[in-house]
1. Which condition breaks for Gly320 when tested against (1) touching a residue at least 12 places away in the same chain (Cβ under 8 Å); (2) farther than 29 Å from Arg248 by Cβ; (3) more than 12 Å from ligand 2 (Cβ to nearest atom)?
2. Within segment 300-330, can you find the residues that are at pLDDT 85 or above, of a type in the set (D, E, K, R) and open to solvent by 50 Å² or more (accessible area, probe 1.4 Å)?
3. Which ones in segment 230-254 are open to solvent by 30 Å² or more (accessible area, probe 1.4 Å) and either within 16 Å of ligand 2 (Cβ to nearest atom) or under 21 Å from Thr362 (Cα atoms) (or both)?
4. Quick one: which residue in Thr125, Thr121 is more than 40 Å from the chain's Cα centre (by Cα), in a loop (DSSP other than H, G, I, E, B) and modelled with pLDDT of 80 or more?
5. What are the pairs with Cβ atoms under 9 angstrom where one residue, in segment 252-273, is outside any loop (DSSP other than H, G, I, E, B) and the other, located anywhere, is aromatic (Phe, Trp, Tyr) and within 16 Å of ligand 1 (Cβ to nearest atom)? Sequence gap at least six, or different chains.
6. Give just the number: which of (1) at pLDDT below 80; (2) touching a strand residue (DSSP E or B) at 6+ places or on another chain (Cβ under 6 Å); (3) loosely packed, with under 13 Cβ neighbours inside 10 Å does Gln107 not satisfy?
7. Sort out which residues of segment 126-140 are in contact (Cβ under 8 Å) with a residue 24 or more places away in the chain and open to solvent by 60 Å² or more (accessible area, probe 1.4 Å), and write them in order of number.
8. Cβ-Cβ under 7 Å, sequence separation 6+ or interchain: first residue in segment 222-248 and touching a residue at least 24 places away in the same chain (Cβ under 8 Å), partner of a type in the set (Phe, Trp, Tyr). Which pairs?
Amino acid sequence: MSALTGGVQRVGETEIPNGRLVAELLRTQAIMLDQTHDAIIVRDYTDHILFWNRGAERLYGWSANEAIGKNMYELLSLTSIYEAPGIFAENGECAVEMRQVTKDSRQVIVESRSRVLRDETGHPTSVLIVNTDVTESKLLESQFLRAQRMETIGRLASGIVHDLNKVLSPMLLATRILRAKKMEREDRQWLDTLKINAEHAGGLITQLMSLARGIEGERTPIQLRHLIQETVGVLKRVFPESISIKTRIATDLWTIVGNATHVYQVLVNVCVNARDAMPRGGALTIEAHNTVFGGAPSSGYDGEKGSRHVLIKVSDTGVGIPAEIIDKVFEPFFSTKHAKNGTGLGLSTVLRIVTTHKGVITVSSEPGTGTEFKMFFPVEDPASAGNVEATSAQLPSDEPQGISGEDGPREADVNTKNQSPGQRPGRTNTAARAKAQSRKQR
Ligand SMILES: Nc1ncnc2c1ncn2[C@@H]1O[C@H](COP(=O)(O)OP(=O)(O)OP(=O)(O)O)[C@@H](O)[C@H]1O
Ligand SMILES: [Mg+2]
């Protein structure tokens, strides 16, 4: 009987020259098995691992020593393969896509091809499995599909925007006619609410269209103080009384250049989210003040030292955002609300608008306590910054200028809370901007 030992084929004590070739071939094949990026596994019919190549070690993190002899489905946190969509075909082959768990608890998606191995009598003895890691390509595929969905929404929106404007025009005309009539003060307020919202509805639908196509629009100097006050006027009328709305707006806010409808949309989206986070009531606070980036060398911030921004802070005392999802809130279609209540487009639109204004947005939150969004809008024209002197050496400075009363939570305070994107104090804005930019490039 012949046996393969140490890569040399022997029959009794005689070494057969041909055996060297066989051994060499087997050695080459073993090297090839280890060189391939695929995970190659052989399991027996009780699901115990008999062979585990280097590719499997690299993909799953377990060495061959650790894996061999273990139950494959327990090791990779799988249910039985027979519950997977592809069962062995008549030819003894099977191809399925599976989610598996690695040694360090990462989830990987693999394309798995299996083949039944049989002995000379045709009796099945084991199963050869070749798993290719497709996690990255699946991620790219889902991003691509998401981008396609966004494009479809853009096309749909452009189709209805014309009709919607036709519907809105008579509504606006009616509010103008009614306004000329005598009416109670409260009724007039309701009418104003109707008019402002009808006007903004037109802006919003155009905005939805721009979300897929890239956000542009007329840019004019904006005094955020007026815009915030107008927004708060509307919110006070439409939000439940259980939510108190407080504002602290500096009297000398610098003028920014941008699109007023878009910035209004940012405020409405963030405030509506705050309302949704306080179903049993609470406090919504909107603050705004001038701020100057310090540009500390350690910050990594790519903005110029001394660049001027208007900071709008929107904070609530709502349910907060759990750490596991805070990185996802700016993603299109990410929503924790019931499908009917949230499209998940609110914050992705907000991010796009802030980015289009070359601004930065950050979020920090503490579940059970509340959430705070900070939006920094740059002041493009230094002349519009007036005579207000840069006083801050911090990065970025939250020091209010021209307002009285206590300031909101400082960077050091929010440091211990959930933040997105997760960064160290003082780097908040850098990372947020980098993230915003990378999204824009996609
Ligand atoms: N202030 C907040 N407090 C708690 N969670 C928030 C807050 N703002 C946003 N979120 C979370 O972020 C998710 C995404 O928000 P986003 O505005 O993008 O979508 P949405 O509000 O769910 O839907 P839409 O805005 O399209 O109606 C929300 O579903 C919620 O889980
Ligand atoms: Mg929302």
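1. Among (1) touching a residue at least 12 places away in the same chain (Cβ under 8 Å); (2) farther than 29 Å from Arg248 by Cβ; (3) more than 12 Å from ligand 2 (Cβ to nearest atom), Gly320 violates only (2).
2. Residues of segment 300-330 that are at pLDDT 85 or above, as a first pass: 308-330.
Going one step further and asking which of them are of a type in the set (D, E, K, R), we end up with 308, 313, 316, 324, 327-328.
Within segment 300-330, Arg308, Glu324, Asp327, Lys328 qualify.
3. Once the filter is applied, which keeps residues that are open to solvent by 30 Å² or more (accessible area, probe 1.4 Å) and either within 16 Å of ligand 2 (Cβ to nearest atom) or under 21 Å from Thr362 (Cα atoms) (or both), segment 230-254 yields Val238, Lys246, Thr247, Arg248.
4. Thr121
5. As it stands, the answer is Val270/Phe373; Cys271/Phe239; Val272/Phe239; Asn273/Phe373, since those pairs meet every condition given.
6. Of (1) at pLDDT below 80; (2) touching a strand residue (DSSP E or B) at 6+ places or on another chain (Cβ under 6 Å); (3) loosely packed, with under 13 Cβ neighbours inside 10 Å, only one is false for Gln107: (1).
7. Correct list: Asp133 only.
8. Leu227/Tyr264; Thr231/Tyr264; Ile245/Phe239
The values are calculated or read from the model by the stated rules, or taken from the named source; none is laboratory data. Predicted model only: the values in this text are computed from it and were never measured. Here the Cβ is made from the backbone with ideal geometry for all residues, glycine too, and neighbour counts use every protein chain on show. Please note that ligands, DNA and RNA were not included when accessible areas were found on the heavy atoms of the full protein model with its side chains. Shrake-Rupley method; radii C 1.70, N 1.55, O 1.52, S 1.80 Å.
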